[in-house]
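Throughout, read-outs are computed from the coordinates displayed, never taken from laboratory work. Because the structure is a prediction, the values reported are computed rather than measured. Glycine also receives a Cβ, built like all others from the backbone with ideal geometry; neighbour counts cover every protein chain displayed.
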C-alpha cells in the first residue's frame with residue numbers, strides 16, 4: 001500500500017505543476033517608449049540679515065541664518081527602454097525587468113538670492129554690517145540646474161492579468177528593486193570684481209568715474225557629477241493583445257518612486273567671498289540631497305513565450 005501511494009504521489013505532483021491552470025511558461029519581452037522624470041533637490045542657503053537703513057547709515061543685528069530650501073526640476077522627456085524575463089501561469093506573471101532612461105536637464109533661477117534681490121543696487125551681507133555700493137547695474141539672477149539625469153533600474157515585478165474572454169486583456173502589477181542614478185549639477189553665480197580704491201583723495205574722483213573699476217559677470221561656481229544606488233518601487237498598468245500563440249503585443253504605463261540620494265561628492269570650487277572678487281548666489285548654496293525622485297513612463301513592445 002505504501003509503495004502504491006508513493007507511486008501515485010510521484011506521478012500526480014509533476015502533473016499538478018506542469019499542466020492545467022498551474023502550468024508555467026517562460027517568456028522574454030522588449031519594450032520602447034517615453035519617460036518623464038521629476039526630482040527635487042534640497043539645499044541649504046544663508047538667510048538675510050535684518051538691517052535698518054537710515055540716511056547715511058546702515059545697522060544690522062543678529063546672525064546670518066542658514067535656511068533649508070528646495071528646487072523642483074521637471075526634466076526633459078526621454079526615450080525609455082525595457083527588457084524582462086519571467087514566468088507566466090494562469091493569470092499571473094513574475095518577472096525580472098531592466099529599465100533605463102537618460103534625461104536632459106533643466107535650468108532654474110536659484111530659489112534664494114541671499115545678498116540682494118534684485119541686483120538693482122549692490123549690497124553685500126556680512127555678520128554685523130552691510131557694505132553698500134550706491135549705484136545700480138542690470139539685474140542677473142543666478143541659476144542652477146540638473147544638467148543630466150540617467151537611471152538604470154532592476155525590478156522584480158508581480159503582474160496579474162484579467163481574463164476578459166476577448167483578445168485584449170488588461171493587467172496591473174507592482175514591483176520593487178534598485179536603481180543606479182547618475183546626475184550632473186551646475187550652479188552659476190554672479191561675480192563682482194572691483195579694483196582697490198587709491199589712497200590719494202585727489203585721484204578718487206577719477207577712480208569712481210572710471211566704469212572699469214567694477215565688473216559683473218556670470219560664472220560657474222559648482223559643476224559636479226554624482227552617482228548613487230537607491231531603492232524604489234513602481235506600479236504598473238497595461239494591456240495585452242495576443243498576435244500568435246507565442247507572440248503578444250503589450251503597452252505598459254508605470255509610475256515609479258525612489259528613496260533620497262545623499263550628495264557626498266559635490267564640491268564648491270569657489271569660496272563664498274574672494275577679495276577683491278565676490279561671488280553672489282551659487283557659492284552660497286550647498287546642495288544636500290536629491291529627493292522626490294520619480295516619474296511616469298509609457299512603453300510598448302513584444303513578449304515572446306517559449
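Full extension of the chain segment joining residue 260 with residue 74 gains 65.3 nm, where the gain is 0.36 nm per residue of separation less the Cα-Cα distance.
Say R0 is 45 Å: what FRET efficiency, to the nearest 0.05, do residue 242 and residue 288 get from their beta-carbon distance? With R0 = 45 Å, the Cβ-Cβ based efficiency is 0.35. Available extension along the chain between residue 163 and residue 233 is 22.6 nm, counting 0.36 nm per residue and deducting the alpha carbon span. With only the Cα atoms considered, the range 139-184 has a convex hull volume of 155 Å³ per residue. For the listed peptides 220-229, 98-107, a ranking on the average number of other beta carbons within 10 Å per residue, highest first, reads 98-107, 220-229.
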